[in-house]
Amino acid sequence: MKKIILSIIIFFWVLGFSAVYAQENDTLKTEDILKMSLTDLLNVQIISASKTQQTLKEVAATVHVITAKQIAERAYFTLEEALSDLPGFQFRNIQGFNSYIFMRGVPSQNNLILLMVDGIQINELNSGGFYGGGQFILSDIEQIEVVYGPASALYGSNAVSGIINLITKKPSGKSGQISLLGGNFKTGMLGLNFKNYDAKKDIGYSVSAQYKTSEKADLEGAHGDNNWTKNMENFENDLSFSGRLKIKNFNAGIDYQEKKSSMTTNFKSIDDIYLDKNSLWNIMFLNAFAKYSYNKHEKWDLNSTAYYRNATVKPNTINAVIKATETTPGNQIGYYRPNYLLGIENQVNYKPIENLLIIGGIIGEIENLSEGFSVTYSNAQDIPPPTPLKPPLLFNKLFSYYSQLQLSIFKHLSFNGGIRHDFSSYYGQVFIPRLGFVYNNKSLTVKALFNKAFRSPKPWDYNFGTGNSGLKPEKMKSLEFAFSYQFNENLSMGGAIYFNTIDNKLTKEIDIDVDRWINKDKLNTTGFELYWNYYTENFNMYANYTYNNSIDQDDLFIPEISLHTANTGFTYSLSQKFSINLRANYLGGRKNPEIIPSTGDDKIKDAFIVHGCFTYAVLKDLKIQLKANNIFDQEYYHPSNRFDGRYRQAQRTFSLLVAYNFNWENN
Amino acid sequence: MIYSKLNDVLVKMRSFNIHSLKRILVLIFILLGVLNDNQSFAQSRESLIKAGYIEKFTHFVQWPVNVGKNDSTEIFQIAIIGQNTFGEVLDELFSKVRINGNQVIIKHITSIDEIKNSMILFISESEEKNLDKILEYTTDKPLLTISDSEGYGEKGVLINMFTEGNYIRYEVNRTTLDKSGLKINSLLLSYAVII
């Protein structure tokens, strides 16, 4: 296999250097420029063709983008809500401390997708899984880039199903925003943002802060499928802060998120030992980075980034409350799990000739991860547990190098090849290749992609239950063919067909004496996605359909994955002041991991859910927005891999947002 | 039924191995090579984006009636003075659009005398020595002067494009604008650095 890859790379190297004509690896055309608005043009990067940033058509992957405009006009409140309108996504929203996002037919604990904010990972360090929910400051997001398929050859572990990168808005002028939201289920939000940028000096900064709170849904008694009592407690309170600093080629940033949630929905309280109140999952994420870009040379540039990541389950966490019985007083269980990581990455982009770009990088990381939770117990259900001591930390080192080659073979055809080689003190060596061809000809783009990926086991996997120190990385190989076609300036469509195989898939081994993760299962996914977009100045519409056939080594359907999902929606601007947005999500039926007591079978029924939003610009800088999710109040469920039951999803929800923009430059 | 058949096909397709992958990649390579039309023209992405800005500017600027009108033809003339850094990009881009219903012509000029009848004047960086003379001529005239050189905005060019990180931005000289008699839509100004 390595010989094949090497020979292909050498072949195209030779081809590239012997090219008798040089042409830019750039598909940006005058037609594209003419179709753009002024705002679009402001967002076009001049280095796209020659450096690492590329247009959607150029990049050797299927990529979908959610823009700031779409986030605003659809009034997305959580990350999973924003992703729900894209092809390829399914969910297990437990309406609690986390929400799980499945991409292209692979259920997981969010540990097969890489989530990044401005290119820095924000997956939880101990388990590798990121947290869904409301802690992201979506009003300060310029775009959400979703890369489908494995990308470990560039991004390393976790980039198995795909990558989600939240790109924050850049400082521009002197501006700010204050926003206030209120809704049913005690939902509220206060957001603040301020930006200041001096374009002549190329110096600027931005700060954003946000507080969100919500009880999410009515899950009491029968409303929650009789999983919890009528006295249940459920909440999520998210405090977030983001800061950015830019001084010419130097950029620095900090992101802080503190997420406090009830753990009620993690367990059943009816017919089980758990009390459905007084628990608290308190997790904190702190990411900081400093990046310097040296780009004074025409043929090469250097990006050097140092980063710090901290993901800590704070010591006031109460994972569960055990009910008192006639014979026992019950107790509260305290958790503490600190983790942090320091890393540095240096990336060189070298363009020796017009049609060739070589990217090379090295990464060094050290991390201190908790061996497991430090756990304490109280003596009664109403008494908080003692603060846990700091648990033993595992010290790990990682060194990686990667290289990628982008070669424009002909005017319309480019080749992408790359490798990444990891040396970890934790999981050993992993070598990951990728290959891709991208054909762009005016309106048509065709991509053929072969990728491998891996996910290294984390302490949480090794130590779960009775533990298993012999876990190996889960490995995926993927073959994908994708296309997109622009019919005219308004209408485009595209799709992808993919064949993914995950080996060494982690599965739970549960026996009388054993409860642990083992490498056992194989997961094969065969699927395709189709999407359409129609865009005019006043009206835009989208529709997408996804087919995912995920089966295990015995050809049995993978639970929690539906064969069919579809989404559609439109936004119509009736005038400059008033617009309406309607969206609909179809989730096909799927299998629950366990028999559901209330139905006696393991079927999660399909659901068709409609959401809507009215936006009214009262003044130039003042808007109000009325939003309704699940307009028809459908009763629908997500699967549970926690207890023998299912998760009722939110009933009809309303919210009203008032947002005021300050722009001192215009005053 | 349809889905089960489709599923069967897809499941069969998944039984690829590396040899079939090689064959697929080679086939794609050959197919796409055949499709390639070999037309080669190099154009700078940066120039293309700047040309795009010039085209967008025309949507947001209002010229006084009859300004720049040639006696005999309905044309919209854009003059470039100095070295042409756009290559064929401007000609290609403006050959595909009309401004206010008028055909656009790009005129490459070398002297101030040739500016007459132009609605837009792009001042190249190579004209640094003549900049004061050019601006002396253009000031107080309803002529949209554009440049992409450091310091030109401060010296009096109405719109000067510059690079900010990986993006092209522009600054607007308010004094020059006020003197020109041109009207600029507030949206264009809202994205500008005002100097």
Sort out for me the strands (runs of 3 or more DSSP E) sitting completely within the range A:328-435 that have 1 or more residues that are under 16 Å from A:Val313 (Cβ atoms) and in contact (Cβ under 8 Å) with a residue 40 or more places away in the chain. A:331-337, A:339-353, A:356-370, A:374-377, A:393-408
Considering the range A:165-199 alone, what residues qualify as being touching a Phe, Trp or Tyr at 6+ places or on another chain (Cβ under 9 Å), surrounded by fewer than 23 Cβ atoms within 10 Å (Cβ to Cβ), at pLDDT below 95 and of a type in the set (A, V, I, L, M)? A:Ala199
Output the number of residues of the range B:142-171 satisfying the condition of being away from every other protein chain (no Cβ under 14 Å) and within 30 Å of A:Asp301 (Cα to Cα). 2
In the range A:184-239, which residues are away from every other protein chain (no Cβ under 14 Å), charged (D, E, K, R) and part of a strand (DSSP E or B)? A:Lys212, A:Glu236, A:Asp238
Mind checking which residues of the range A:417-455 are within 14 Å of A:Glu58 (Cβ to Cβ) and either modelled with pLDDT of 90 or more or more than 14 Å from chain B (Cβ to nearest Cβ) (or both)? A:Gly436, A:Phe437, A:Val438, A:Tyr439, A:Leu444, A:Thr445, A:Val446, A:Lys447, A:Leu449
State yes or no: is A:Glu480 buried (at least 20 other Cβ atoms within 10 Å of the Cβ), within 22 Å of the chain's Cα centre (by Cα), among the charged types (D, E, K, R) and more than 14 Å from every other protein chain (Cβ to nearest Cβ)? no
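Residue by residue, here is whether (1) closer than 19 Å to A:Ser425 by Cβ; (2) among the charged types (D, E, K, R); (3) buried (at least 20 other Cβ atoms within 10 Å of the Cβ) holds:
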{"site": "A:Tyr294", "(1), (2), (3)": "no, no, no"}
{"site": "A:Ala311", "(1), (2), (3)": "no, no, yes"}
{"site": "A:Lys323", "(1), (2), (3)": "no, yes, no"}
{"site": "A:Glu326", "(1), (2), (3)": "no, yes, no"}
{"site": "A:Ile362", "(1), (2), (3)": "yes, no, no"}
{"site": "A:Glu367", "(1), (2), (3)": "yes, yes, yes"}
{"site": "A:Ile383", "(1), (2), (3)": "no, no, no"}
{"site": "A:Lys397", "(1), (2), (3)": "yes, yes, no"}
Top-ranked residue of the range B:172-195 - restricted to ones that are part of a loop (DSSP other than H, G, I, E, B) and touching a Leu at 6+ places or on another chain (Cβ under 7 Å), ranked as nearest to the other protein chains (Cβ to nearest Cβ): B:Tyr191
In the range A:240-267, what residues are in a loop (DSSP other than H, G, I, E, B) and under 22 Å from A:Ser206 (Cα atoms)? A:Lys248, A:Asn249
How many residues does the range B:125-171 hold that are in a strand (DSSP E or B), more than 19 Å from B:Phe86 (Cβ to Cβ) and either touching a helix residue (DSSP H, G or I) at 6+ places or on another chain (Cβ under 6 Å) or touching a residue at least 40 places away in the same chain (Cβ under 8 Å) (or both)? 1
Any residue in the range A:258-278 that is under 25 Å from the mean Cα position of the chain (by Cα), over 17 Å from A:Ile94 (Cβ atoms) and surrounded by fewer than 22 Cβ atoms within 10 Å (Cβ to Cβ)? yes
What about A:Ala153, is it touching a helix residue (DSSP H, G or I) at 6+ places or on another chain (Cβ under 6 Å), closer than 30 Å to A:Ile358 by Cβ, away from chain B (no Cβ under 14 Å) and touching a residue at least 24 places away in the same chain (Cβ under 8 Å)? no
Screening B:Leu6, B:Leu48, B:Leu10, B:Leu25 for residues that are at pLDDT 75 or above, aliphatic (A, V, I, L, M) and more than 21 Å from B:Lys141 (Cβ to Cβ) leaves only B:Leu48
Quick one: would you say A:Lys411 is surrounded by fewer than 18 Cβ atoms within 10 Å (Cβ to Cβ), over 27 Å from the mean Cα position of the chain (by Cα) and within 14 Å of chain B (Cβ to nearest Cβ)? no
Do any strands (runs of 3 or more DSSP E) lying entirely in the range A:533-633 carry at least 3 residues that are within 14 Å of chain B (Cβ to nearest Cβ) and surrounded by fewer than 21 Cβ atoms within 10 Å (Cβ to Cβ), and which ones are they? A:539-552
Can you tell me which residue is farthest from A:Asn355 (Cα to Cα) among those in the range A:285-326 that are among the polar types (S, T, N, Q) and under 23 Å from the mean Cα position of the chain (by Cα)? A:Thr312
Restricting attention to the range A:487-502, which residues are part of a strand (DSSP E or B) and either in contact (Cβ under 8 Å) with a residue 40 or more places away in the chain or away from chain B (no Cβ under 14 Å) (or both)? A:Leu491, A:Ser492, A:Met493, A:Gly494, A:Ala496, A:Tyr498, A:Asn500, A:Ile502
If A:Pro459 satisfies all but one of (1) within 13 Å of chain B (Cβ to nearest Cβ); (2) surrounded by 16 or more Cβ atoms within 10 Å (Cβ to Cβ), what's the number of the condition it fails? (1)
Boolean, A:Lys472 is touching a strand residue (DSSP E or B) at 6+ places or on another chain (Cβ under 6 Å), farther than 20 Å from A:Ser403 by Cα and among the basic types (Lys, Arg): yes
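The values are calculated or read from the model by the stated rules, or taken from the named source; none is laboratory data. Treat the numbers as computed from the prediction; the structure is a model and nothing was measured. Cβ sites come from the backbone with ideal geometry, for glycine too, and all protein chains shown count toward neighbours.
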